[in-house]
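Below you'll find the structure, written out as structure tokens, and then a few comments.
The values are calculated or read from the model by the stated rules, or taken from the named source; none is laboratory data. Given the structure is predicted, the values throughout are model-derived calculations rather than measurements. Please note: Cβ atoms are built from the backbone with ideal geometry, for glycine as well, and neighbour counts cover all protein chains shown.
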Amino acid sequence: MKSGSLKTHSGGNPNTHMADEEAPELMTVKETAEYLRIPLPTVYYLVQRGQLPAIQIGGRWRIKRSLLDRDILKTDEGGQPTVLVVDDDPSLQTLFKQFLKKAGFGRIVVGTGAEALSYAEKQKFDLVFLDLKLPDIPGDELYTKLKKIYPDLPIVIITGYPDSEILTKILSSGPVTVIQKPIEYEKLNRAVKILGHKGADAA
């Protein structure tokens, strides 16, 4: 047990004392989500990937606020989120590539469910954009398989048919973010911001 490391404090940053009254040094996952203004599943995901300064105490995660204050900007600038796009429409693939490049995201764009699963088995993604109409696997089936590999993986559904049976099946398993076609930059921006990322606002 590295109990000694739990005692270290914020290390000479004069601004941290003001924040001490607002947030404890060791925050719960819920407190961290509120502190960073990002969704709870995203915090769990970042903790499990080692991207947040967390320690486990009695089976529960605690996030060190002083390290968070010091490191979060670095993560924002240097830790490039990686996005998987699953869509077989060449024009949409181009739009996604342009948008994600502008947003500073690492990106892998594929046109089939089989390719998506192959990549997902090799690496973790921060976000997935999933078109429901694919040439090889029904969208709801691929959604279920991806969630089985990474239960906390944020998946944004792309569809031109918001009343489709496939989408209804996905919605029955829990809340999900849906982008309706035609897809525009602003819709993509809104989706990535809801999920806690910076987006691609013009400088």
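Taking the condition of being over 15 Å from the mean Cα position of the chain (by Cα) and closer than 17 Å to D87 by Cβ, how many residues in the range 146-177 meet it?
Here the count works out to 9.
Anything in the range 33-65 that is more than 19 Å from P151 (Cβ to Cβ) and surrounded by 15 or more Cβ atoms within 10 Å (Cβ to Cβ)? List them, or say none.
Residues satisfying the conditions are Y35, L36, P53, I55, R62, I63, K64, R65.
Among the residues of the range 45-59, which ones are assigned to a loop (DSSP other than H, G, I, E, B) and modelled with pLDDT under 80? Full working, then the answer.
Of the residues in the range 45-59, the ones assigned to a loop (DSSP other than H, G, I, E, B) are 49-53, 58-59.
Across the range 45-59, the qualifying residues are R49, G50, Q51, L52, P53.
With (1) out of contact with any helix residue (DSSP H, G or I) (no Cβ under 8 Å at 6 or more places or on another chain); (2) touching a residue at least 12 places away in the same chain (Cβ under 8 Å); (3) closer than 23 Å to S91 by Cα as the list, and L188 as the residue in question, which single condition is left unmet?
So L188 meets the others, but not (1).
State all residues of the range 81-96 that are of a type outside the set (A, V, I, L, M) and surrounded by 14 or more Cβ atoms within 10 Å (Cβ to Cβ); if no residue qualifies, say none.
Passing the criteria: P81, T82, D87, D88, D89, Q93, F96.
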